[in-house]
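Here the structure is laid out as structure tokens; the discussion comes afterwards.
All of the numbers you see were taken from the coordinates with simple rules; none came from a lab. Values in this document were obtained by computation on a predicted structure and should not be read as measured data.
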Amino acid sequence: MKIEVDWTRCDGHGLCARLLPERIAVDEWGFPVIGDADIDASLRRHARRTVSACPQLALRLTDVRAPS
Ligand code: SF4
């Protein structure tokens, strides 16, 4: 799974980076920088909480498994 940002909603206060520093950093303006690494099972619950905590509802988790 991956985390995606809706840039039309994000206000750049960086809460998500504080909640999920394993995958999200912030740029010099406070906007999230999300790495390409998969959200593996060990981080999934944490990632869901981060998505839920975004005050702008700007984050979502997407399943990036290749179609079979
Ligand atoms: S928590 Fe939401 S609004 Fe805040 S920086 Fe992250 S994505 Fe943007």
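Per-structure values
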quantity	calculated
Potential extension, R65-M1 segment - 0.36 nm per residue separation minus Cα distance	22.3 nm
Rounded to whole Å, sorted largest first: equivalent-ellipsoid semi-axes of the chain, Cα gyration tensor	20, 12, 11
